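A.B. asks: Sharing a structure here in structure tokens format.
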Ligand code: ZN
């Protein structure tokens with residue numbers, strides 16, 4: 001059976017989404033999670049290019065630098081596939097381990113001491129040590145940024161919220177393939193998970209030092 005076109009081009013109204021201008025988070029209880037900012041998603045030559053992802057590099061870089069200054073625990077997720085991954089039937093081949101497209105974009109290269117977690121599914125918590133890492137470090141808040149908004153970002157934010165971490169999501173640091181997907185992400189985060197959407201990364205302030213040390217780049 002093929003799908004009809006009943007909903008094609010349907011216009012819907014976005015419900016009110018509360019947006020915070022400024023939040024202050026205790027650096028010791030907060031982790032920054034940067035989702036899948038890899039060449040295949042972010043760069044035009046990538047295999048699953050999200051055109052709006054490039055303009056999020058700069059805000060994410062500013063937030064990352066702030067996290068580094070305040071010694072905030074930082075986790076990069078890295079979408080990772082091997083041959084015959086069932087996801088390839090949906091999206092085509094992408095982020096094959098070891099390929100250029102799999103690598104995190106140069107602008108956001110993790111430094112020594114930052115955590116990189118390879119994940120095989122949309123959800124950054126699925127089959128990874130993220131929950132354990134957050135828990136043993138007394139983390140209560142997660143700031144989730146990256147791409148793709150309604151896919152890996154939302155599934156990771158959802159998984160965090162379902163484990164009772166408080167989710168913060170700056171609007172200028174996530175990207176989606178279209179506006180609908182972008183706004184539904186913000187809607188889910190605020191309405192379903194009682195997370196906090198913040199207007200820009202500059203509205204996120206870390207209080208004190210988190211004690212997460214880094215080496216050199
Ligand atoms: Zn994937």
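Every read-out reported here was derived from the displayed coordinates using simple, explicitly stated rules and does not represent laboratory data. The shown structure was predicted, so the numbers you read here are calculated from the model rather than taken from an experiment. For neighbour counting, all protein chains shown are included, and Cβ atoms are generated from backbone atoms with ideal geometry for every residue, glycine included.
A.B. asks: Out of 12, 24, 167, any idea which swings most in a Gaussian network model of the chain, alpha carbons joined below 10 Å?
C.D. replies: Most flexible of the set in this elastic network: 12.
A.B. asks: Using C-alpha positions alone, give me the convex hull volume of region 163-217 per residue in cubic angstrom.
C.D. replies: Taking only Cα atoms, region 163-217 has a hull volume of 146 Å³ per residue.
A.B. asks: Further, regarding this structure: Along the Cα→Cβ direction, 7 angstrom out, place labels at residue 97 and residue 133. What is the inter-label distance in nm?
C.D. replies: Label-label distance for residue 97 and residue 133, simple model: 1.7 nm.
A.B. asks: Additional query: What value, in deg cm²/dmol to 500, does the helix sum -39500 (n - 2.57) over DSSP H runs of n ≥ 4 give at 222 nm once divided by the residues of the chain?
C.D. replies: -5500 deg cm²/dmol
A.B. asks: Equivalent-ellipsoid semi-axes (√(5λ), Cα gyration tensor) for region 79-161, whole Å, largest first?
C.D. replies: 23, 16, 12
A.B. asks: Report the relative contact order of region 19-207, percent, no decimals, based on alpha-carbon pairs under 8 angstrom and at least 6 residues apart.
C.D. replies: 31
A.B. asks: 7 Å from Cα along Cα→Cβ at both residue 106 and residue 202: what's the point-to-point distance in nm?
C.D. replies: Distance between the two pseudo-spin positions: 2.7 nm.
A.B. asks: Tell me, what is the FRET efficiency for residue 88 and residue 21 to the nearest 0.05, using R0 = 35 angstrom and their Cβ-Cβ distance as r?
C.D. replies: Between residue 88 and residue 21 the formula returns 0.25.
A.B. asks: Express in nm, to one decimal, how much length is gained between residue 55 and residue 116 on full extension, taking 0.36 nm for each residue of separation and deducting their alpha carbon distance.
C.D. replies: This chain segment gains 19.7 nm when fully extended.
A.B. asks: Also: Between Rg and the Kirkwood Rh of region 19-207, both from Cα atoms, what is the Rg to Rh ratio?
C.D. replies: Ratio value, two decimals: 0.93.
A.B. asks: Points 7 angstrom from Cα along the Cβ direction at residue 192 and residue 6: gap in nanometres?
C.D. replies: Reported label-point gap for residue 192 and residue 6 is 2.2 nm.
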